Amino acid sequence: MIEQWFPNVNWDKMWEATGETLYMSAYSTFFTFVFGIALGLLLFLTSPGQLWANKITNVFTGAFVNIFRSIPFIILIILLIPLTKLLFDSMRGPNAALPALIIGAAPFYGRMVLIALQEIDKGVIEAARSMGAKTSTIIFKVLLPESMPALVSGITVTSIALVGYTAMAGVIGAGGLGTLAYLEGFQRSREDVTLMATILVLIIVFIIQFIGDFITKRLDKR
């Protein structure tokens, strides 16, 4: 019956495109998580009164974050064409979308990391410092564990945004459901192809949200 509702859908292409979307989303989410935490920690630790207080570093890091999280994604893809060609020798395919996805999302997530770290009780940090804890100990035993529920919640929101970014990247041939919906659906006036691609994107988003909410609840001890 589903074939009757979606007569123009090539299911092999649809599942291949779904796999490409999952690939781009998973890889970009992982690296966004890593780089975003690094940026957030740097912003937090170089702010006044913190362990690495340094106004110049803090200002430059903050400027980097603000600039790249403000650039519209489709423009960022165009700006990063030289870097993408240098890394992958192509502007097409799932790998070619990764630089723009990561560079576009990591600063956004880095700002969310900073907010999460700022909400930690200062007394906990001061207690660790007064006991002579090393910076690495404070980071991995205090800052990250205390903020983990907010960090997971933040990466959930960011990963959902990345799924949407992959669809936009599909317009320039990055692959995935976005490319399929645009080339096979929109350009050929096959509304059922576009609709099916949209449904699959929504399913991916709902699964990410469910997993993120589940992990956040398990980590939140309040």
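If the condition is being surrounded by fewer than 17 Cβ atoms within 10 Å (Cβ to Cβ) and at pLDDT 95 or above, then region 32-53 contributes Val34, Ala38. The single condition among (1) modelled with pLDDT of 90 or more; (2) on the phi > 0 side of the Ramachandran plot that Gly93 does not meet is (1).
Going by the conditions given, is Leu162 surrounded by 15 or more Cβ atoms within 10 Å (Cβ to Cβ), at pLDDT 90 or above and closer than 30 Å to Ser90 by Cβ? So Leu162 passes the test. Listed by position, the helices (runs of 4 or more DSSP H) enclosed by region 111-222 that each have at least 2 residues that are under 28 Å from Thr18 (Cβ atoms) are 144-169, 176-180, 191-219. The criterion of being touching a residue at least 60 places away in the same chain (Cβ under 8 Å), surrounded by 14 or more Cβ atoms within 10 Å (Cβ to Cβ), in a loop (DSSP other than H, G, I, E, B) and out of contact with any His (no Cβ under 9 Å at 6 or more places or on another chain) holds for Met91. Check whether at least one residue in region 172-185 is surrounded by fewer than 19 Cβ atoms within 10 Å (Cβ to Cβ), more than 30 Å from Thr46 (Cα to Cα) and touching a residue at least 60 places away in the same chain (Cβ under 8 Å), and report yes or no. Checked region 172-185: at least one residue is surrounded by fewer than 19 Cβ atoms within 10 Å (Cβ to Cβ), more than 30 Å from Thr46 (Cα to Cα) and touching a residue at least 60 places away in the same chain (Cβ under 8 Å). On inspection, Ser147 fails the criterion of being under 14 Å from the mean Cα position of the chain (by Cα), crowded, with 18+ Cβ neighbours inside 10 Å and of a type in the set (Gly, Ala, Ser).
The values are calculated or read from the model by the stated rules, or taken from the named source; none is laboratory data. The shown structure was predicted, so the numbers you read here are calculated from the model rather than taken from an experiment. Backbone-built Cβ (ideal geometry, glycine too); neighbour counts: all protein chains shown.
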